[in-house]
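Notes follow once the structure below has been shown.
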Amino acid sequence: MTSPIFFSCLLVLTWSQSGVARSPYQAVLQHSRVRGRQQGPNVCAMQQPRGSDKKYFANCKQWYHRKICNQPTVVTYECCPGYEKIPGERGCPAALPLVNIYQTVGAVGASTTKMYADRAQLREEIEGPGSFTFFAPSNQAWAALPTEILDALVSNVNIELLNALHYHMIERRLTSEELKHGSSFSSMYQDYHVHVHHYSNGIVTVNCARLIKPDQHATNGIVHVVDRVITAVSNNLHALIDVDDDLETLRTAIAAAGLSDLLQSEGQYTVLAPTDEAFRKIPPETLNRILGDPVSLRDLLNYHILKNMRCAESIVSGTPMETLQGTVLEVGCDRDGLTINGKAVVGKKDQLATNGVVHYIDQLLIPDSAKTLLELAESSDVTTTAIKMFAQAGLSGHLKGSEALTVLVPLDDALAGMPAADVGKALSHHIVRGLLSSKSLYHNQELETLSGVKLRVFVYRNNLCIENACLAAHDKTGRYGTMFTVDNLLTPPAGTIMDVLKADDRFSVLVGAIQVAGMTELLNQPGALTFFAPTDAAFRAMSRPRVDELLRDRRQLSALLKFHLAEGTLVRGGVSSHTRVENLLGDKLELGARNYTVFVNRVPVIHGDLMATNGVVHGVDDVVEALPPKAEREQADGPTTSIGSSSAHSESGSFRDDNLFQKVLQSRSSRTMSVAGQ
């Protein structure tokens, strides 16, 4: 069944039946008409954020979320532009009478503009012949004007006030459809241009003032009611920044980075201008390093310049915007304030220039590309424990230097409860030579750490791992190095698989069984194997007759062990739903993960990711058996009751681990004597 929201949005596609593309404003207006049609003809649905006097024609996204600038909205219904009510009838059935601009301004909520037109002796002009576009400030716009500016205008009505009103006029008729994004038009005040932006969300601005009632037609032109009094623009971005006492540090930085020409060039940019106070909030060591490094400084400044011009009124939701530095900032709003990456850092807004707009911010935005490795790690809120331990281990110096390195930083959760001494020792293996990118790593690639240890890369369908540590977040590339966030404390390989088993008391019986089966060489030779290794507990769970049978038949014992061995190196992070591997007998082993536990043929892995130079060992406390046919068709993500668990065999003649080990040794000894006798 088609969603009502989807259906209503289909009705307001930006193409009319005639095949002519509608402007974004017209598409949003049509959506508002659809939403308001149950109230009667020519009724538009408006959304008004609670606690605000602003109203917006509803677009699909805002209507669905019932929020604008993170504030819940109240839905009201008003006559669509150009229509009015008739007493006793539903909706707004009557078209507004077509009168001249002077009378139209008074009828559409701009009576203060009409009054000032009288005072400035503009009435005769806008009542008479001609074709004009009048961006008429609303009553609220005049009321919001600073007192000193308003007093200066009305005290000199024949010059200042008349000039101000003429700057709101264009000597031709322009509908919202013709107010194209990025266009500018000569005003009737000394041909100073007004600058129009028509955004994809339906917002239309002139000099960053929003058109709140567009397309009010008159006999001699058209009126667009705007939400503020606009002023003439004559400076480019560079000149605007150059004359502001609060931007002294920014001016110096722009000159040092060679960006002056860019800010004087033609274009449509948005500058997020950090004030001197914003620069003072940065630690002096960091700030001096960036200011003294031309590459970092240029990246820093380009990170504050958006590729497109965005007036504050156009931002009514979080929108990703690309910077000249090449990364993306999330620009949004919260009530009447702008936010950057969710933080309310914007102060003064909409300082308009001929080639863009400036918004002042009170915090410096430092891109990853201008940070040291230590600063990259410190900017993450999920790796704070590792950063402290890098410092305790005396490794911070490497993270602050200019050597090309890649640091693997474990998540806080991965280090929880681990002794600091053990972590500190292991972290020496977490700094790799070279500036790496996860996108360029490949399977079985070998990396070298600062400590000289070799690490392997494993590429899986669902993950990318370096030894047992798998990537938990996107790379962060800094000025000199890259940071990988990983989900585990990394364990370098500790000898061959046989070496790993011999060094671990939990596998003492298995080691003897491998020697009896004649498989020692296989587990010592170069290659890549994954061993789901039965622990001593797994052998204790086996019945005495079964063990005796295995020890009498070397071929059967070898087959049992090979059933637990798979080709390739598969760490826990590489296991996902429906993972299948082939063991050395050619059978399929079914793997899955549930609640952070990996299962192989429904047997849980208890001791995982014991890394070896020729593979990996995963300890299991039950011998892994073949699944029955029905289970093979299902994903074995874990047992409801353990198959082959030690509890299942506790009453079937089980015996102590040392007895079994003696039997293994006796079997080995008898075989050796037999060979010697021959």
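Odds and ends about this structure:
- Cross-chain or 6+ apart pairs with Cβ under 7 Å, the stretch 332-356 first and free of Cβ contacts under 8 Å to residues at least 12 places away in the same chain, then open to solvent by 10 Å² or more (accessible area, probe 1.4 Å) and not in a strand (DSSP E or B): 337/344
- Residue match in the stretch 87-101 (condition: open to solvent by less than 40 Å² (accessible area, probe 1.4 Å), closer than 20 Å to residue 209 by Cβ and modelled with pLDDT under 95): no
- Any chance residue 126 is modelled with pLDDT of 95 or more and aliphatic (A, V, I, L, M): yes
Quick grid of which residues meet (1) in a strand (DSSP E or B); (2) out of contact with any Gly (no Cβ under 7 Å at 6 or more places or on another chain); (3) modelled with pLDDT under 95:
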site	(1), (2), (3)
202	no, yes, yes
211	yes, yes, no
223	yes, yes, no
234	no, yes, yes
238	no, yes, no
247	no, yes, no
250	no, yes, no
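- Among the candidates 496, 530, residue that is farther than 30 Å from residue 380 by Cβ, open to solvent by less than 30 Å² (accessible area, probe 1.4 Å), among the polar types (S, T, N, Q) and out of contact with any helix residue (DSSP H, G or I) (no Cβ under 6 Å at 6 or more places or on another chain): 530
- Residue tally, condition within 42 Å of the chain's Cα centre (by Cα) and assigned to a loop (DSSP other than H, G, I, E, B), over the stretch 125-142: 1
- Taking the listed residues 547, 616, 624, the one that is open to solvent by less than 10 Å² (accessible area, probe 1.4 Å), touching a residue at least 24 places away in the same chain (Cβ under 8 Å) and assigned to a loop (DSSP other than H, G, I, E, B) is 624, with no other qualifying.
- If you check 261, 244, 215 for being open to solvent by less than 50 Å² (accessible area, probe 1.4 Å), acidic (Asp, Glu) and in contact with a His (Cβ under 9 Å, 6 or more places away or on another chain), only one passes: 215.
- When the criteria are applied in full, residue 509 meets the requirement of being of a type outside the set (Gly, Ala, Ser), more than 22 Å from residue 398 (Cα to Cα), at pLDDT below 95 and buried (at least 20 other Cβ atoms within 10 Å of the Cβ).
- Residue 539 meets all of the listed conditions (1) farther than 21 Å from residue 601 by Cβ; (2) part of a helix (DSSP H, G or I); (3) open to solvent by less than 30 Å² (accessible area, probe 1.4 Å) but one, namely (1).
- Residue 129 in contact (Cβ under 8 Å) with a residue 60 or more places away in the chain and open to solvent by 30 Å² or more (accessible area, probe 1.4 Å): yes
- Subset of the stretch 399-412 that is touching a Gly at 6+ places or on another chain (Cβ under 9 Å) and either modelled with pLDDT of 95 or more or part of a helix (DSSP H, G or I) (or both) - its residue that is farthest from residue 374 (Cα to Cα): 404
- For the stretch 438-447, the criterion of being open to solvent by 20 Å² or more (accessible area, probe 1.4 Å), among the acidic types (Asp, Glu) and at pLDDT 95 or above is met by at least one residue.
- Matching option when the condition is assigned to a helix (DSSP H, G or I) and either small (Gly, Ala, Ser) or open to solvent by less than 50 Å² (accessible area, probe 1.4 Å) (or both), among 162, 174, 145: 162
- The stretch 33-46 residues that are closer than 7 Å to residue 91 by Cα, paired with ones that are open to solvent by 10 Å² or more (accessible area, probe 1.4 Å) and in a helix (DSSP H, G or I) (beta carbon under 8 Å, 6 or more apart): 42/33; 43/33; 43/37
- Test for residue 59: is it among the polar types (S, T, N, Q), open to solvent by 30 Å² or more (accessible area, probe 1.4 Å) and under 30 Å from the mean Cα position of the chain (by Cα): no
- Enumerated strands (runs of 3 or more DSSP E) restricted to the stretch 413-519, each holding at least 1 residues that are over 17 Å from residue 574 (Cα atoms) and within 34 Å of the chain's Cα centre (by Cα): 431-433, 446-448, 454-459, 481-486
The values are calculated or read from the model by the stated rules, or taken from the named source; none is laboratory data. No experiment lies behind these values; they were computed from the predicted model shown. With ideal geometry, Cβ positions are generated from the backbone for all residues, glycine too; neighbour counts draw on all protein chains shown. For the accessible areas, the whole protein counts, side chains as well, though only heavy atoms, and no ligand, DNA or RNA atoms are used. Shrake-Rupley method; radii C 1.70, N 1.55, O 1.52, S 1.80 Å.
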